[in-house]
Amino acid sequence: MSAAWTLIVLDMKRFWQDRIRLVSSLIQPLLYLFVLGSGLGASSRLGGADYRRYIFPGVLALTLLFSSTFAAITIVFDRQIGFLKAVLVAPVPRWAIAAGRIGAGALQALVQAALLLVLAPVVGVHLSPGSLLAVIGAMVLSAAAFSAIGVAVAARFSSPAVFPVISNALLLPMYFLSGALYPLGMAPQWMKVAAHFDPVAYAVDLLRRALLGQGFFVVPIAVAALVLVTALLLWSSVRVFARGEDTDGRRGPRASRLLP
Amino acid sequence: MSPNAAPVPAPADAVIVVEGVTKRYGEVEALRGIDLTIRAGEMFALLGPNGAGKTSLFSILATLRTLTAGRATLCGHDVTRERAAVRRNIGIVFQEPAIERRLTVRDNLELMARCYGLGAAEARRRAGTLLEKLGLQEAADRPAEQTSGGQRRRIELARALVARPRVLFLDEATLGLDVEARRNFWAEVRRMAGEGLTVFFTTHYMEEAEVADRIALIAEGRIIALGSPRELKAGFGGGVIRLSTDDDTAAAAWLAGRGFKAATAEKQLLLVHADPAAVLPLLVRELPVPVRRVEMHAPSLEDVFLELTGRGLGGDSAPAVPGRFNGAAP
């Protein structure tokens, strides 16, 4: 446990050194909220103010999704130098390495989402002690699941070039299918079906239920889905870290070049 | 010099015991049966060209890869089945930097100490002691990226030692350092070996291998020679003649016809003979190809390796071996 905590503290130190990233990463959600929200809202039946209010939980999910998955990029940088190897040869349980990384990414995302949550009253979302507690719970579950996605991906790659690809091919589709920007209940059937396989949809749904009292999924199912995603990806990352330098031959061992 | 000798019981002070270890990557056999016993306090060098299996053996002992067959133990713990126990006994300096550049040197050491389960106070104490011991106090509170190349290697050494390992692994640990920084680095390691630390290292620099108590030469996944630097050179027998001619291929053919075994190394012919001084005039006189340059010297480790494998240690990416052509006796 203490080793996992050590790794979390390390990542938080690096996060703090990257304060510019912290501030700049808030630009995207603010654009969604005040530009897309105002522009699209003005033409929607809900009206500008109501639409902004409606997508606020979705914008929280956006911040959580991109912040926590991109926090995992440090794993790739650590692999490029020998730092990850130095951790791997230390007697740290492999689950603690994976859990530490997932925890660190989730924590960073939660800090950023908390900064956004302060804006809730501005867009007409009023928080009671009960809804605050519920939304924090939903944020923690979502951040953990998203961070686990980031770590499971980052643990498998040695170049940061893969991240824009993941962002476009995986994160954005998951985000757009999640119902973050529109009510899933009114979406075409195929999108409703797809949402059931999208962890982001469960996260958005829990956040929206906590903040606005509306939802598409049953709460226990949404909670279970996020916990399951976190657990499965944690397990899968542990397996990658346990493998060490042994690869399944894809990255070709160096020895093969010179042996007859 | 008895490679792959019949297994004998490991001595009581054996720290690393390797028995019949093989490693396969798909179709490729990187290690083809390695047997080794390394004792406490020994400085042991693993030499070989790129692709000989050095990295595979190193990574297996360092718990970063699994072995295909055979058995290897470190401090009595199986390197694949009892990895956590093995890890508690080892410290490793990798070729590449393994410190977080943005953290201070001290923070880096404390972080690693915490990864080994030490408490905050103990971690701070250990980091302080090592910084002093390795002459790093002045750099201690700077971000690691603001230190010199020589300092960085010493920081790596401190990182590897922070948990007080019984075995120190060094993988090409001095790559890129200047001669003086290399000398300081090895003096420090030698001193620690004197205090009982077991050191297992790989290197491309021949003069570094000379500091080892024993050297294993590895080629194509097998240990082809094992012994102290002196034993290896003595077992080689005689001296070395290096010839440079207008047509090395023709010269090699001519030499072969007269029972000399000539190896080609970096546009030179390398010839081993029990009495090089006696045979040299004859060669120069009788070779049908004009001779441009002749050298004669006592065998170096490089020569031993070349003779045993018919090819040099320096692979395509290996640095040139300093002092190789000066003909000086070691």
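Compute the angle between helix B:105-115 and the longest alpha-carbon principal axis of chain B, please, reported from 0 to 90 degrees and rounded to the nearest 10. Rounded to the nearest ten degrees, it is 80.
For the protein assembly as shown, what is one quarter of the convex hull surface built on the Cα atoms, given in nm²?
On the way: hull surface 131.4 nm².
Taking the Cα atoms of the protein assembly as shown, their convex hull projects to 32.8 nm² on average.
Taking the longest Cα principal axis of chain A as reference, the axis of helix A:2-17 is set at about 70 degrees. Which entries of B:Lys23/B:Lys233; A:Lys85/B:Lys133; B:Lys233/B:Lys261; A:Lys13/A:Lys85 show an alpha-carbon separation above 27 angstrom in the structure shown? Distance filter (> 27 Å) returns B:Lys23/B:Lys233. Amide H to amide H, with H built 1.01 Å from N, B:Glu42 comes under 5 Å of B:Val199, counting only residues 5 or more places away or on other chains. Counts of other chain beta carbons within 10 angstrom of each beta carbon in peptide B:21-34 average 3. Percent relative contact order of region B:14-231, based on C-alpha pairs within less than 8 angstrom and at least six residues apart? 30 percent. Shielding value for B:55-65 is 4, the average number of Cβ atoms from other chains within 10 Å of each residue's Cβ.
Protection proxy ranking for A:158-168, B:95-105, using the average of other Cβ atoms within 10 Å per residue and placing the highest first: B:95-105, A:158-168.
Summary of packing: across the peptides B:60-66, A:169-175, the per-residue average of other C-beta atoms within 10 Å ranks them, highest first, as B:60-66, A:169-175. Once you have a ≥ b ≥ c as the square roots of the Cα gyration tensor eigenvalues for chain A, tell me rounded if a/c is under 1.5, and otherwise prolate or oblate according to whether a/b is larger than b/c. Cα axes put chain A in the prolate bin. Across peptide A:86-98, the mean count of Cβ atoms from other chains lying within 10 Å of each residue's own Cβ comes to 6.
Simple rule: put +1 on each Lys or Arg Cβ and -1 on each Asp or Glu Cβ in chain B, find the dipole, and look at B:Ala234, B:Ile92, B:Phe201; the Cα lying farthest toward the positive end is B:Ile92.
Using a cutoff of 8 angstrom between alpha carbon atoms and counting only pairs six or more residues apart, the relative contact order for region B:238-298 works out to 54 percent. Taking all Cα pairs closer than 8 Å and separated by 6 or more residues, the relative contact order of chain A comes to 25 percent. Each label point was placed 7 Å from the Cα along the Cα-to-Cβ direction; for A:Leu115 and B:Leu175 their separation is 3.9 nm. Treating r as the C-beta distance of A:Val9 and A:Leu133 and R0 as 25 Å, the FRET efficiency rounds to 0.40. Taking 20 Å as the straight-line reach from the Cα of A:Lys192, the aspartates and glutamates in range (excluding those fewer than 8 positions away in the same chain) are A:Asp205.
Exposure proxy ranking for A:His196, A:His126, based on other Cβ atoms within 10 angstrom of each Cβ and starting from the fewest, stands as A:His126, A:His196. Close amide H pairs (under 5 Å, H built 1.01 Å from N) link B:Ile224 with B:Leu217, B:Ile218, B:Ala219, residues at least 5 positions away or on another chain. Region B:245-275 and region B:215-236 have Cα centres separated by 23 Å.
Any read-out appearing in this document is the output of simple, stated calculations on the displayed coordinates, not a laboratory observation. Remember, predicted model here, so these are calculated numbers, not experimental data. Reconstructed Cβ throughout: ideal geometry from the backbone, glycine too, with neighbour counts over all protein chains shown.
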